[in-house]
1. Mind telling me which of the residues B:Lys57, B:Lys68 ends up being of a type in the set (D, E, K, R) and within 24 Å of A:Glu118 (Cα to Cα)?
2. May I ask you to list pairs of residues, at least six apart or on different chains, whose Cβ atoms are under 6 Å apart, with the first in the stretch B:73-98 being more than 8 Å from chain A (Cβ to nearest Cβ) and the second being buried (at least 24 other Cβ atoms within 10 Å of the Cβ) and of a type in the set (Phe, Trp, Tyr)?
3. Do we have A:Leu152 as out of contact with any Lys or Arg (no Cβ under 7 Å at 6 or more places or on another chain) and either modelled with pLDDT under 90 or more than 16 Å from A:Val113 (Cβ to Cβ) (or both) here?
4. Looking at the stretch B:31-66 only, could you name the residues that are more than 10 Å from chain A (Cβ to nearest Cβ) and open to solvent by 30 Å² or more (accessible area, probe 1.4 Å)?
5. Surrounded by 14 or more Cβ atoms within 10 Å (Cβ to Cβ), at pLDDT below 85 and away from every other protein chain (no Cβ under 13 Å): is that true of A:Leu19 in this structure?
6. Restricting to the stretch A:103-119, what's the tally of residues that are at pLDDT 95 or above and closer than 30 Å to B:Cys101 by Cβ?
7. Please work out which one of (1) in contact with a Ser or Thr (Cβ under 9 Å, 6 or more places away or on another chain); (2) among the aromatic types (Phe, Trp, Tyr); (3) more than 21 Å from B:Lys128 (Cα to Cα) is the condition B:Tyr20 fails and give its number.
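The values are calculated or read from the model by the stated rules, or taken from the named source; none is laboratory data. Because the structure is predicted, anything quoted here is derived from the model rather than measured. Note: ideal-geometry Cβ built from the backbone for every residue, glycine included; neighbour counts use all protein chains shown. Heads up: the accessible areas ignore ligands, DNA and RNA and are worked out on the full protein's heavy atoms, side chains in. Shrake-Rupley method; radii C 1.70, N 1.55, O 1.52, S 1.80 Å.
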Amino acid sequence: MAEVLRPEKLEMSNDTSSLASPELLHVLAVDDSMVDRKFIERLLRVSSCKVTVVDSATRALQYLGLDGENSSVGFEDLKINLIMTDYSMPGMTGYELLKKIKESSAFREIPVVIMSSENILPRIDRCLEEGAEDFLLKPVKLADVKRLRDSLMKAEDVAFENLMYKRELEANDVYSQLKRAKI
Amino acid sequence: MNAGIAQLQMQFRDYTISLYQQGFLDDQFTELKKLQDDGSPDFVAEVLLLFFEDCVKLIGNMARALDKSTGTVDFSQVGASVHQLKGSSSSVGAKRVKGLCVTFKEYCEAQNYEGCVRCLQQVDIEYKTLKTKLQDMFNLEKQIVQAGGVVPQVDID
């Protein structure tokens, strides 16, 4: 091509992926236990994730701007790739948080992982039925996070490849149109 | 090689292994160590500090909930604190404390007052014992580093 077609002219978005940055998964971790918060935060940092930790489901909803109040964080700036929440928490449980997230049009696509110290089958089933990505038994291990991260990154890669392919098709389409119009 | 450092390292290795063998620690403690590096050299100590603070707070809650002088004992309240302690002890690899919490929880569910009081006393002793043991372990690490040595990786099989 003799001319470079600028993206703005073609009305294409500059957002190449939904990742917070090309390499980092941004995880929102929710747990009422201080020990577990410290642990999960470190676990995720070591696994090359950006981490935001909150101590309750209510605070998680506030952070996401889903609590009905005006939040300081705009949706455009907030790129969460994964939510990991404890199941048993005072006030709102992780299960209730999961439901609220899946009810929200803005956040329902974000994978939610439930963590619990109790291996209760009906509980696990209920969470998975409600749309949880995974259910991890506490204490969580490095290997669990790695496995999670790998499967999410793979899903992102597939989504990214699909997006790039779609772009290519669009660009070829526009190019042919311009050629026909003899621009 | 400095004989002093080698000796300290051996002491450290033996002591650490003994803590696992005697059931004070389990493989979750090993997981904690995996998360420590030069960038976060005090991570394990920091988490354990939070854990011991948790112990003090939760055991206090349990004692208050088991206090008959304030009225009837609310076993579900005791159980809630036991559940939390079980969780955090599990997260740091405090095996004996966790085991006691399992028993304690059963007594709560059975509303067995004497059993609960016994468990309360035992869990108090147990976390304090662990605290002392870990302080000794951290001291050995410190001595190795101060002598110019490197803290060895201890493989538990």
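1. Details: B:Lys68 fails: within 24 Å of A:Glu118 (Cα to Cα).
Just one listed residue meets the conditions, B:Lys57.
2. From residues that are more than 8 Å from chain A (Cβ to nearest Cβ), the pairs are B:Val82/B:Phe104.
3. On the way: out of contact with any Lys or Arg (no Cβ under 7 Å at 6 or more places or on another chain): yes; either modelled with pLDDT under 90 or more than 16 Å from A:Val113 (Cβ to Cβ) (or both): yes.
Considered against the rule, which asks whether it is out of contact with any Lys or Arg (no Cβ under 7 Å at 6 or more places or on another chain) and either modelled with pLDDT under 90 or more than 16 Å from A:Val113 (Cβ to Cβ) (or both), A:Leu152 comes out as yes.
4. B:Lys33, B:Asp38, B:Pro41, B:Asp42, B:Ala45, B:Val56, B:Asn61, B:Ala63, B:Arg64
5. On the way: surrounded by 14 or more Cβ atoms within 10 Å (Cβ to Cβ): yes; at pLDDT below 85: yes; away from every other protein chain (no Cβ under 13 Å): yes.
Here the answer is yes, as A:Leu19 does meet what is asked.
6. Looking only at that region, the number is 5.
7. B:Tyr20 satisfies all of (1) in contact with a Ser or Thr (Cβ under 9 Å, 6 or more places away or on another chain); (2) among the aromatic types (Phe, Trp, Tyr); (3) more than 21 Å from B:Lys128 (Cα to Cα) except (3).
Yes/no matrix, rows are residues, columns are (1) surrounded by fewer than 19 Cβ atoms within 10 Å (Cβ to Cβ); (2) more than 14 Å from every other protein chain (Cβ to nearest Cβ); (3) modelled with pLDDT under 95; (4) under 20 Å from the mean Cα position of the chain (by Cα):
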residue	(1), (2), (3), (4)
A:Glu8	yes, yes, yes, no
A:Asp15	yes, yes, yes, yes
A:Ala57	no, yes, no, yes
A:Asp77	yes, yes, yes, yes
A:Asn81	no, yes, yes, yes
